[in-house]
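The values are calculated or read from the model by the stated rules, or taken from the named source; none is laboratory data. Everything numeric here is computed off the predicted structure, so don't read it as measured data. All Cβ positions, glycine included, derive from the backbone under ideal geometry; neighbour counts span all protein chains shown.
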Amino acid sequence: MTIRVGVIGTGMIGSDHVARLSSQVVGSTVTAVFDVATERAQQVAGSVGATAHATWDALVAADDVDAVLIASPGELHPDQAIACIAAGKPVLCEKPIATTTAEAQRVLEAEVAAGRKLVTVGFMRRYDVGYVDVKHAMTDGTIGEPLLAHAMHRNASVPDSFRGEMSMTDSVVHEFDTFRWLFDSEIAAITVLPVKKSPLGSPELRDPQIVIFDMAGGEVVTVESFVNCQYGYDVRCEIVGSLGTVSLDNPRTTIVIGGNGRGEKVPADWRERFGPAYINELQAWVGALASGQAVHAGAATTWDGYAATAIAEAAVTSYAKGARVDIDLVEKPALYA
Ligand code: NAD
Ligand code: ISE
């Protein structure tokens with residue numbers, strides 16, 4: 001069975017996903033695309049023999065679309081995901097599920113009202129072999145009882161459209177999901193500490209920042225967020241346990257020796273670093289759809305997307321108030337038990 005996917009948003013990651021679903025993932029084809037940038041949408045559609053629709057509603061309703069992938073800007077995700085739920089179509093929604101807690105809650109309520117899980121959120125680190133190894137080491141006893149973690153999330157640069165709060169809602173939102181998933185626990189409180197501002201990057205960008213998560217089980221996580229570090233993409237973490245540690249380096253093992261130096265290449269961006277993880281994520285989604293499962297075990301659900309957005313919003317509040325902020329989630333609906 002071939003899953004026919006419609007892709008909303010053919011920007012950077014949307015067009016990459018179209019290429020992956022068309023030629024790298026087994027069991028899927030892209031039959032429809034939509035983007036307000038119509039020329040780009042037509043070009044992407046033409047490259048894979050898909051239809052470029054005039055509106056995203058038409059794409060969601062199309063008979064030759066079995067499932068939808070949303071890769072538009074984050075603030076559009078709630079309306080688009082809710083339309084997919086209303087149409088009864090499974091959807092892989094790129095992160096974040098929404099940019100505000102209220103909007104994320106709207107998606108949660110729509111899915112709960114529909115009575116079945118249809119939405120998978122694109123937190124691709126859950127499919128990265130490095131993070132999967134970290135999770136194994138945390139659960140198989142190798143490092144004893146996990147106690148605390150340190151993490152780093154650096155981007156070389158971000159576009160001018162990247163506003164200050166997006167460090168939390170768009171970038172560190174990955175760590176919110178990653179550490180909830182790694183520790184299998186909610187985040188109870190969040191503190192954002194301002195750091196001396198880099199002279200580079202847009203004037204309104206507060207960058208870098210240190211974010212501290214108090215996990216519900218008492219573990220503490222510190223994350224450095226630096227979206228404007230200039231030298232490349234650098235995502236790392238170390239978990240400290242009662243018997244040992246497990247760490248995930250920036251995984252490029254090619255060593256270049258020459259010019260009196262010995263060096264290791266730093267990935268340019270998330271496309272390079274997480275390329276294989278995106279394929280694994282899409283393959284898991286498509287494989288599950290083919291077996292009649294809209295949301296597979298281990299995938300980030302609407303609940304996970306809601307929690308990550310609520311934590312991001314609390315982080316923005318913490319920064320503004322200069323104080324630790326408790327995370328107050330709604331009661332978890334039985335659908336996500
Ligand atoms: P982008 O700006 O390159 O692409 C967004 C596209 O959406 C653009 O082509 C834009 O024209 C289009 N768009 C604007 N309004 C639209 C509408 N009403 N309907 C449909 N499309 C519309 O951005 P991007 O980097 O590709 O990011 C897209 C989404 O993917 C964001 O939510 C981002 O956070 C997420 N993302 C996730 C990862 C990841 O690692 N999982 C990486 C990058 C981006
Ligand atoms: C981008 O949208 C992503 O999701 C990347 O994975 C992340 O590292 C980057 O900071 C975001 O802007």
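For the reader, a short list of remarks on this structure follows.
- Checked against the criteria, Ala61 does not count as closer than 25 Å to Ala312 by Cβ and more than 13 Å from ligand 1 (Cβ to nearest atom).
- Strands (runs of 3 or more DSSP E) fully within region 113-208 counting 1 or more residues that are away from ligand 2 (no atom under 16 Å from the Cβ), under 20 Å from Arg236 (Cβ atoms) and modelled with pLDDT of 95 or more: 146-154, 187-194
- Selection count, region 209-239, where residues are part of a loop (DSSP other than H, G, I, E, B), crowded, with 16+ Cβ neighbours inside 10 Å and aromatic (Phe, Trp, Tyr): 1
- Among the residues of region 77-102, those identified as in contact with a Phe, Trp or Tyr (Cβ under 9 Å, 6 or more places away or on another chain) and touching a residue at least 60 places away in the same chain (Cβ under 8 Å) are Gln80, Pro90, Leu92, Lys95, Ile97, Ala98, Thr101.
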